[in-house]
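Just dropping this structure here.
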Amino acid sequence: MRRIIKISSHKVVLADQAVFSGGSFVLSLALAQLLSISDFGLFSALVLGSYLVMSIANAVVIQPFQVLVSTFSDQKDYPVFALLGHSILVFTILGLLLLISRLPFFQEYLPDSISAVSLTWLGGFLFQDFFRKAFLAMGKPWLTLITDVLAIGFQLCTIGYFLLHPGIALPVLLFWLGMAYIPSVLTGFLLFPKMEICSRNWSGYLRLHLSQGGWMLLTALLQWGSNNLFTVASGVYIGVEALGAFRLVQSLFGILNMIFQTFENHLLPEATRLFHSSAEQSKAYLKASFKQTSLPLLLALVFLFLFSKEVIVLAGGQKFEVYHYVVKGMSILYGIILIGYPVRLAIRMMTLNQIFFTGYLFSFAFSLLSFQFLLGQFQLWGALAGLLFNQLIMLIFWNHSLTKRQFILWK
């Protein structure tokens, strides 16, 4: 019976991943069709900002909760502590953003009302993200699936309505997208475990979250900066239209990210199990798995490279055609990521967390030193080159670290 439940839960997790990733992909394409390039660029900037705020909330609350929830399985007050802590953090961040948006400097450069109205959308996004991850951590994937279906479903309905009634202003669209989160967030609150509002254990929980969250927060900020600095800077140095085109192409390649994550979730536990018994067996497993899965992905990248113009027009409309070269550049970038993926898995398998962090540190340092020159001289090609060099720096450093430990994947 336990095996049946485990298999059933695994299928629910996969179904939820399909709903969440697939729904987010469709939403991005629909918004690209609905909005002008400049408005889509502004929306993309807000999305990148929301990812930064989400990284902070994840590091301080959600990631420690994912690790500690099984430890405190007998403590019924711990989930409520996490929810309350997340709520305080989110409302504090939203309040600070609201105050900042009222400053004369920001009011001069931000479009009318977009900063204040977007807080409705950001708040819904952050609470929905908490519930989906918290329910998964508590072993309740069905509840995660319910909240994700509600969130994605109501947002698709909202965008579908405005596709039939075009001409919507971005601030109004953001407000209604924020309202579309309400059914999901309310369901999360109703289904979340209930306990007393105050507990003598909370001071201990707080100390654990602060001790673990500090390191996680630093890593999360570094990863966000390494992954998004060139993307954000492209909006500043080239313009919001370039940022919108860049984010549209990144959304297209988000499907490959989902496939990579699925492979990682599937391959990493088995590779780790083999490593504990035999390093050579784990190495052979990683190599064999890469050979088996890489060919169809490489063919997909070749297809995207050759038909970049048709792909971007199909995704965002004729207005994005001039940016088809970004699809070509991203195809090359993902080819590098794919080739180096066994190295990334080996670093995680061997729990070389400091090496993992240092790789991102080198990558971020390169981004800080080079983004102004690359973007100023080469525009979006410079952004693509910067992202490619970021990957090469991390992979070369990680592979060197593995080689020093006699774990050689590349020859």
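The values are calculated or read from the model by the stated rules, or taken from the named source; none is laboratory data. Here the structure is a predicted model, which means the values were calculated and not measured. All Cβ positions, glycine included, derive from the backbone under ideal geometry; neighbour counts span all protein chains shown.
Criterion first (within 19 Å of residue 65 (Cβ to Cβ) and outside any helix (DSSP H, G or I)) does residue 166 satisfy it?
Taking the combined requirement at face value, the residue does not satisfy it.
Restrict the check to the stretch 296-305 and report whether at least one residue is free of Cβ contacts under 8 Å to residues at least 12 places away in the same chain and of a type in the set (A, V, I, L, M).
Within the stretch 296-305, one or more residues are free of Cβ contacts under 8 Å to residues at least 12 places away in the same chain and of a type in the set (A, V, I, L, M).
In this structure, is residue 243 buried (at least 20 other Cβ atoms within 10 Å of the Cβ) and out of contact with any His (no Cβ under 9 Å at 6 or more places or on another chain)?
Yes, satisfied.
Right, here's the next one. Would you mind stating whether residue 93 is out of contact with any Leu (no Cβ under 7 Å at 6 or more places or on another chain), over 20 Å from residue 254 (Cα atoms) and assigned by TED's automatic domain parsing to the domain that holds residue 154?
yes
If you go through the stretch 362-370 one residue at a time, do you hit one that is of a type in the set (Gly, Ala, Ser), assigned by TED's automatic domain parsing to the domain that holds residue 274, within 27 Å of residue 270 (Cα to Cα) and part of a helix (DSSP H, G or I)? If you could, list the steps in order and put the result at the bottom.
Let us first name the residues in the stretch 362-370 that are of a type in the set (Gly, Ala, Ser), namely 363, 365, 367, 370.
Next, only the ones that are assigned by TED's automatic domain parsing to the domain that holds residue 274 stay: 363, 365, 367, 370.
Within this subset, residues satisfying the condition of being within 27 Å of residue 270 (Cα to Cα) are none.
No, the stretch 362-370 contains no residue that is of a type in the set (Gly, Ala, Ser), assigned by TED's automatic domain parsing to the domain that holds residue 274, within 27 Å of residue 270 (Cα to Cα) and part of a helix (DSSP H, G or I).
Conditions tested, residue by residue: (1) modelled with pLDDT of 80 or more; (2) under 21 Å from residue 27 (Cβ atoms); (3) of a type in the set (A, V, I, L, M); (4) not in a helix (DSSP H, G or I).
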position: 250; (1), (2), (3), (4): yes, yes, no, no
position: 260; (1), (2), (3), (4): no, yes, no, no
position: 268; (1), (2), (3), (4): no, no, yes, no
position: 271; (1), (2), (3), (4): no, no, yes, no
position: 310; (1), (2), (3), (4): yes, no, no, no
position: 321; (1), (2), (3), (4): yes, no, no, no
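While we're on this one: Which residue is surrounded by the most Cβ atoms within 10 Å (Cβ to Cβ), if the candidates are limited to the stretch 90-125 and must be assigned to a helix (DSSP H, G or I), modelled with pLDDT under 80 and of a type in the set (A, V, I, L, M, F, W, C)?
It comes out as 117.
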